[in-house]
1. Of the residues in the stretch 11-61, how many are among the aliphatic types (A, V, I, L, M) and either open to solvent by 20 Å² or more (accessible area, probe 1.4 Å) or touching a Cys at 6+ places or on another chain (Cβ under 8 Å) (or both)?
2. What's the number of the only condition in (1) in a loop (DSSP other than H, G, I, E, B); (2) under 15 Å from Tyr61 (Cβ atoms); (3) open to solvent by 40 Å² or more (accessible area, probe 1.4 Å) that Asn116 fails to meet?
3. Asp220 - would you say it is among the charged types (D, E, K, R) and either surrounded by 22 or more Cβ atoms within 10 Å (Cβ to Cβ) or at pLDDT below 95 (or both)?
Amino acid sequence: MAQKRKARELTVTAATQLTPNMRRLTLQGEELASFPEDAAGAYFKLTFPSDDPERPILRTYTVAQYRPEQREIDVDFMLHANPDGTANGVAAPWSLQAEPGDRMSIFGPGPATFINTEADWYLLAADMTALPALTANLDRLPADAKGYVVVEILSDEDKQALPLPDGMTLIWVVNPHPGSDESPLNDAIRELAWLAGQAAVWAACEFKTMKKLRSYFREDRAIEKSHLYISSYWKNGLQEEEHKVVKREDAG
């Protein structure tokens, strides 16, 4: 299990508010020297204290950027902000309070899962929790790639510059209530004109929306497993440990 491996001890060197609902922390340390060169898009575990010192609370995040020469990674946090400006969970509140000099232990990285680039066109979709992983996938698309990128954000102010090939159309979907029974991301994707040829799909988002999209891609569009990656990164109302149980049950 991850908590039995040796953690990497890192230091916060910068904190940046990318958008109203996305905060970036930069973590640096010599122990990142053994990170793989292509770590962007890989997942890792942040550690937080628990009642049992031998079993810290683990939260899964994506390496937004890795700069080997500087021994540092960027980590982006969707804040799930409440009306009073606070954030839910363990990791997002920590990101709001973290300052340069603060320490953080991490485990990982684990492997990233990238879109199949052997295709005629591409469809990538994400909510804000999966935006760093989506960005890593965009970096791997062929220069002549065509298709769609659909991103669900909490507000218009959460739009970010993305590394898009000229042939990819970017669609922003504003949903101020992520995780509700409404699924604007699903609705926007179903409205897209389906292009000719072999499609490759990469999608990651909240659990309920994931299930709707999975049904659409598998049943309505008959995308084969080799060209379909779809995953839930979170489920509204559940902690990560509870979400993992739901994911296992769903996979079964």
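1. The initial filter retains those residues of the stretch 11-61 that are among the aliphatic types (A, V, I, L, M), namely 12, 14-15, 18, 22, 25, 27, 32-33, 39-40, 42, 46, 57-58.
Now narrow it down to the ones that are either open to solvent by 20 Å² or more (accessible area, probe 1.4 Å) or touching a Cys at 6+ places or on another chain (Cβ under 8 Å) (or both): 14-15, 18, 33, 40, 57-58.
Selection size over the stretch 11-61: 7.
2. Evaluating Asn116 over (1) in a loop (DSSP other than H, G, I, E, B); (2) under 15 Å from Tyr61 (Cβ atoms); (3) open to solvent by 40 Å² or more (accessible area, probe 1.4 Å) leaves (2) as the failure.
3. Details: among the charged types (D, E, K, R): yes; either surrounded by 22 or more Cβ atoms within 10 Å (Cβ to Cβ) or at pLDDT below 95 (or both): no.
Here the answer is no, as Asp220 does not meet what is asked.
The values are calculated or read from the model by the stated rules, or taken from the named source; none is laboratory data. Everything quoted here is computed from the prediction, not taken from an experiment. All Cβ positions, glycine included, derive from the backbone under ideal geometry; neighbour counts span all protein chains shown. Only protein heavy atoms, including side chains, enter the accessible area calculation; ligands, DNA and RNA are left aside. Shrake-Rupley method; radii C 1.70, N 1.55, O 1.52, S 1.80 Å.
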